[in-house]
Amino acid sequence: MLKKSSLVLWGAALFIAWNGLLLLFLWSRPPSSSFSGEGDRLTAEVIRLAQDAETELERQKELLRQIHRYSGLWGRHRGVGITPKPPPPPSPAPPRLTDPAGTVLPVLVMACDRSTVRRCLDKLLRYRPSAQRFPVIVSQDCGHAETARVIASYGDAVAHIRQPDLSDIPVPAEHRKFQGYYKIARHYRWALGQVFRTFRYRAAIVVEDDLEVAPDFFEYFQAAFPLLLADRSLWCISAWNDNGKEQMVDVGQAELLYRTDFFPGLGWLLLAELWDELEPKWPRAFWDDWMRQPEQRRDRSCVRPEVSRTMTFGRKGVSHGQFFDQYLKFIKLNDRFVPFTQLDLSYLKKEEYERSFLHKVYAAPEVRVEELQGNRRRELGAVRLQYSGRDSFKAFAKALGLMDDLKSGVPRAGYRGIVSFVYRGRRVYLAPPSDWTGYDPSWS
């Protein structure tokens, strides 16, 4: 509180000092013996000074407003703020232990110029079980006025922070059309820095302003958080299945979760320790593909669901609808609440998962793609389709409706090169040979 008071007094002192200097200047003017010529110039000078004073007064008012706002943030950070947005996080817990009861998991919403952010925020606020455990922080780039008004309409239900640097970024000539990707990377760096450096949260769930969340979105992350703390071979929990089109998932197994070597994004949980690692080398652009490089992934995996807990409604953006019409708009959003916090998720720990999952995959009978497409050999149940290289993977993926692109050699939703999906009502594993030795980045 003393810090807040001193900030306000400092702002007030600046205001008084400016006006004192203005009065001193006027009093120090030499007297004039004539009301013509010099008098006219004096009148003009006074008018100009008055206009300057009015401009400076507005600047001082804005300064005081900023002092008040940031002192409030300071107070909340210290636990003595005016309002509970965002609530002060608990003291940092020892790393990699079980989830301390009541650990705060803020949701960071990355916003720019989509006034449809309302659709995202409405669902987040409707489904969150606790405003204290899941505060919503909206970080806005772009300075878009209408979007800012939409965010402000939620009042204290969300915290609204704004990226201060809206300038263009110098980019190579061949990247001029990618300016938007540079600004997105800059915004992510600033916003994650606010969450982990200013507010000092233990972890955060990151979503973008064009995502709608499922009813069990918070239940899912709350249950998976201890797993992320306990298993060092994991580096994120994601709500997204890249191959999660309705006809390619088993909606009857909405509780099913997987490990994946592909960073999915689109609603993901990370720990503060990961940001400590990534921040010093954060890229200037294309941050999500950068995350998928071996140097960042470091053989770690994410958890992802069978049925996505987010869906995107943002066709228009810097990617100009890439993949949206072909894949993204068909992603199935889970609509059945799964009580994940009551389930045993230990099967997702690396050793146990590889023992059970790999056995299941390579015990499945191998079939040819023509047999799958012809819906033959139904009696076999779950089956395996084996690829031998980049070209055969991409050919099979295209033939079966999967996303066929690879990032640093890793297929979307894949684990040890295996992609699990449903095709014409049965489980299929698109898999490399059992003696698989690792990803080949040249496949990208």
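The values are calculated or read from the model by the stated rules, or taken from the named source; none is laboratory data. Every value quoted in this text rests on a predicted model; they were computed, and no experiment measured them. Please note: Cβ atoms are built from the backbone with ideal geometry, for glycine as well, and neighbour counts cover all protein chains shown. Accessible surface is based on the protein model in full, side chains and every heavy atom, while ligands, DNA and RNA are left aside. Shrake-Rupley method; radii C 1.70, N 1.55, O 1.52, S 1.80 Å.
I'd like the full set of residues that are among the charged types (D, E, K, R) and part of a loop (DSSP other than H, G, I, E, B), limited to segment 373-388.
Arg376, Arg377
The rows are residues; the columns are (1) acidic (Asp, Glu); (2) within 20 Å of Val307 (Cα to Cα).
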position: Glu351; (1), (2): yes, no
position: Ser356; (1), (2): no, no
position: Tyr362; (1), (2): no, no
position: Pro365; (1), (2): no, no
position: Arg412; (1), (2): no, yes
position: Ser442; (1), (2): no, no
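Every residue in segment 191-220 that is assigned to a loop (DSSP other than H, G, I, E, B) and touching a Gly at 6+ places or on another chain (Cβ under 8 Å), please.
Asp209, Asp210 - these are the residues of segment 191-220 that are assigned to a loop (DSSP other than H, G, I, E, B) and touching a Gly at 6+ places or on another chain (Cβ under 8 Å).
Any idea which residue in segment 126-150 is surrounded by the most Cβ atoms within 10 Å (Cβ to Cβ), counting only those that are under 13 Å from Arg162 (Cα atoms) and of a type in the set (Gly, Ala, Ser)?
Of everything passing the filter in segment 126-150, Ser139 is surrounded by the most Cβ atoms within 10 Å (Cβ to Cβ).
What pairs come up if the first residue lies in segment 94-112 and is hydroxyl-bearing (Ser, Thr, Tyr), the second is modelled with pLDDT of 95 or more and in a loop (DSSP other than H, G, I, E, B), and their beta carbons are under 6 Å apart, counting only those six or more places apart or on different chains?
Thr103/Arg202
Here is a list: Ala395, Ala399. Which entry is outside the structural domain of Glu246 (by the TED database), part of a helix (DSSP H, G or I) and under 13 Å from Tyr423 (Cβ atoms)?
Going through Ala395, Ala399 in turn, the sole match is Ala399.
One residue is enough: does segment 321-338 have a residue meeting the conditions at pLDDT 95 or above, among the acidic types (Asp, Glu) and part of a helix (DSSP H, G or I)?
Scanning segment 321-338 turns up no residue that is at pLDDT 95 or above, among the acidic types (Asp, Glu) and part of a helix (DSSP H, G or I).
Right, Val318: over 18 Å from Asp405 (Cα atoms), at pLDDT 95 or above and assigned to a loop (DSSP other than H, G, I, E, B) or not?
Answer is no for this residue.
Inside segment 376-402, can you point out the residues that are modelled with pLDDT under 95 and open to solvent by 60 Å² or more (accessible area, probe 1.4 Å)?
Within segment 376-402, Arg376, Arg377, Arg378, Glu379 meet the criteria.
Among the residues of segment 348-372 satisfying the criterion of being open to solvent by 90 Å² or more (accessible area, probe 1.4 Å) and not in a helix (DSSP H, G or I), which is nearest to Ser420 (Cα to Cα)?
Step by step, filter segment 348-372, then rank; the result is Glu366.
Only residues in segment 129-150 that are under 16 Å from Val206 (Cα atoms) count as the first member; pair them with residues that are surrounded by fewer than 17 Cβ atoms within 10 Å (Cβ to Cβ) and at pLDDT below 95, Cβ under 9 angstrom, at least 6 apart or cross-chain, and list the lot.
Pairs that qualify, where the first residue is under 16 Å from Val206 (Cα atoms) and the partner is surrounded by fewer than 17 Cβ atoms within 10 Å (Cβ to Cβ) and at pLDDT below 95, are Arg133/Gly102; Pro135/Pro84.
Taking the criterion of being buried (at least 17 other Cβ atoms within 10 Å of the Cβ) and over 24 Å from Thr310 (Cα atoms), would at least one residue in segment 163-171 satisfy it?
Yes.
Here is a yes/no grid of residues against (1) in contact (Cβ under 8 Å) with a residue 40 or more places away in the chain; (2) small (Gly, Ala, Ser):
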site: Trp275; (1), (2): yes, no
site: Pro280; (1), (2): no, no
site: Asp299; (1), (2): yes, no
site: Cys302; (1), (2): yes, no
site: Ser308; (1), (2): yes, yes
site: Leu345; (1), (2): yes, no
site: Leu348; (1), (2): yes, no
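If a residue must be aromatic (Phe, Trp, Tyr) and open to solvent by 10 Å² or more (accessible area, probe 1.4 Å), how many such residues does segment 200-210 contain?
So the answer is 0.
Can you tell me which of (1) open to solvent by less than 10 Å² (accessible area, probe 1.4 Å); (2) part of a helix (DSSP H, G or I); (3) in contact with a Phe, Trp or Tyr (Cβ under 6 Å, 6 or more places away or on another chain) is the one Ala223 doesn't meet?
So Ala223 meets the others, but not (1).
Hey, does segment 248-261 have a residue that's β-branched (Val, Ile, Thr) and within 14 Å of the chain's Cα centre (by Cα)?
Step one: of segment 248-261, the residues β-branched (Val, Ile, Thr) are 249, 251, 260.
Applying the additional criterion that residues be within 14 Å of the chain's Cα centre (by Cα) yields none.
No, the conditions are met nowhere in segment 248-261.
Read through the list (1) at pLDDT 95 or above; (2) acidic (Asp, Glu); (3) over 21 Å from Phe199 (Cα atoms), then give the number of the only condition that Asp141 fails.
Here Asp141 clears every test but (3).
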